[in-house]
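Trainee: This is the structure I want to talk about, given as structure tokens.
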Amino acid sequence: MSHLQQARPDARHEEGRTAVRLRDGALATLRPLERGETAPLLAVFAGMSADARALRYLTGLPRLPQPMMSMLSDVDGDRHVAWLATVEDEPAGIARYVRLPGCPTTAEVAFEVVDHQHGRGLATVLLDAVTTVAAARGVRRVRATLHPSNTPSKHLLARVGADTRLVDGLLEADGPLRLLEPPSVDRSAVVRLACRRSWDVTLDIG
Ligand SMILES: CC(C)(COP(=O)(O)OP(=O)(O)OC[C@H]1O[C@@H](n2cnc3c(N)ncnc32)[C@H](O)[C@@H]1OP(=O)(O)O)[C@@H](O)C(=O)NCCC(=O)NCCS
């Protein structure tokens, strides 16, 4: 049975976050990253090996440069949305989408999970959360750029509709957004949380 089939929405919700039970029975919580919030970014980055950082950022990165940190924390709930997963009160992973400037119904997605939490289904639930918000916000297409060795990411992206092709030595993933089936998060709770912030609007997840 796959991670996603085993991970399932959990009925328990704390204020401002939603809980999800991972395939091994552990609880994770998910919440939107706040604008300008950098501590979880740094914590997740610190929990990633050099190889994992290279897969995420496609370059060697011993530390997160300030301009990149500013860019990664510049979320606004619509153009740029990021969600944080926490396990036992520790930041464990982040996923995001950013709309393309010239084509706002297409969004670039990216995600990372601290090394010691790999394989528990965290990227799956994070990707489910951000693609749920993306779909509700009118994003219709997703894309990403991957290192050719990044099998888990390629697999995950294919599940949300982005197929890959090799371009100049990198994998370009692109396709019409479809939500993960079956859902691994409580999508109503995700949309409610996405609406709670300053960017309050009614979202339609269809
Ligand atoms: C890619 C990454 C986010 C996956 O995180 P994760 O929490 O371990 O992923 P999950 O447990 O949700 O597993 C996702 C899928 O990948 C598969 N997978 C996980 N590790 C794998 C591996 N080493 N080899 C092959 N498949 C793997 C899982 O089986 C799962 O597939 P399923 O849905 O059929 O069960 C994590 O490895 C990471 O942070 N890598 C470095 C950063 C990165 O590559 N980011 C993506 C670039 S945008």
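Just so it is clear, none of the values below were taken in a lab; they were calculated from the coordinates. Quantities reported herein were computed from a predicted structural model and do not represent experimental measurements. Note: ideal-geometry Cβ built from the backbone for every residue, glycine included; neighbour counts use all protein chains shown.
Trainee: Arranged from highest to lowest average of other beta-carbon atoms within 10 Å per residue, in what order do the peptides 112-118, 22-28 appear?
Mentor: Values: 112-118: 18.7, 22-28: 16.1.
Highest mean packing first, the order is 112-118, 22-28.
Trainee: So, with +1 on the Cβ of K and R and -1 on the Cβ of D and E, and no other charges, what is the size of the charge dipole of region 112-165 about its Cα centre, to the nearest 20 debye?
Mentor: 300
Trainee: No solvent, one uniform scatterer per C-alpha: report log10 I(q)/I(0) for region 57-113 via the Debye equation at q = 0.17, 0.18, 0.19, 0.24 1/Å, two decimals.
Mentor: -0.66, -0.73, -0.80, -1.12
Trainee: Pick from 121, 77, 169: which is most flexible by mean-square fluctuation in a GNM of the chain where alpha carbon atoms under 10 Å apart are linked?
Mentor: Among 121, 77, 169, the largest GNM mean-square fluctuation belongs to 169.
Trainee: Report the per residue volume, in Å³, of the convex hull enclosing the C-alpha atoms of region 81-193. Numbers along the way, then the final one.
Mentor: Values: hull volume 11.6 nm³, N = 113.
With only Cα atoms used, region 81-193 gives 103 Å³ per residue.
Trainee: Compute the separation of the alpha-carbon centres of region 19-54 and region 173-195 and state it in Å as a whole number.
Mentor: 18
Trainee: Under a 10 Å cutoff between Cα atoms, tell me which one of 141, 96, 35 has the largest fluctuation in the Gaussian network model of the chain.
Mentor: It is 35.
Trainee: Normalising by the residue count of region 25-140, find the relative contact order in percent from Cα pairs under 8 Å and 6+ residues apart. Numbers along the way, then the final one.
Mentor: Working: 183 pairs, mean separation 31.6, N = 116.
Relative contact order, region 25-140: 27 percent.
Trainee: Could you give the radius of gyration (one decimal) and Dmax (whole number) of the Cα atoms in the chain, in Å?
Mentor: Cα only, the chain: 15.6, 46 Å (Rg, Dmax).
Trainee: Could you tell me whether region 29-93 comes out rounded, prolate or oblate from its Cα gyration tensor? Rule is a ≥ b ≥ c as square roots of the eigenvalues, rounded for a/c under 1.5, then prolate if a/b exceeds b/c, otherwise oblate.
Mentor: Numbers: a/c = 1.94, a/b = 1.21, b/c = 1.60.
Oblate, because a/c is 1.5 or more while a/b does not exceed b/c.
Trainee: Springs between alpha-carbon atoms under 10 Å, Gaussian network over the chain: tell me which of 156, 166, 33 tops the mean-square fluctuations.
Mentor: Per the Cα network of the chain with a 10 Å cutoff, 166 tops the list.
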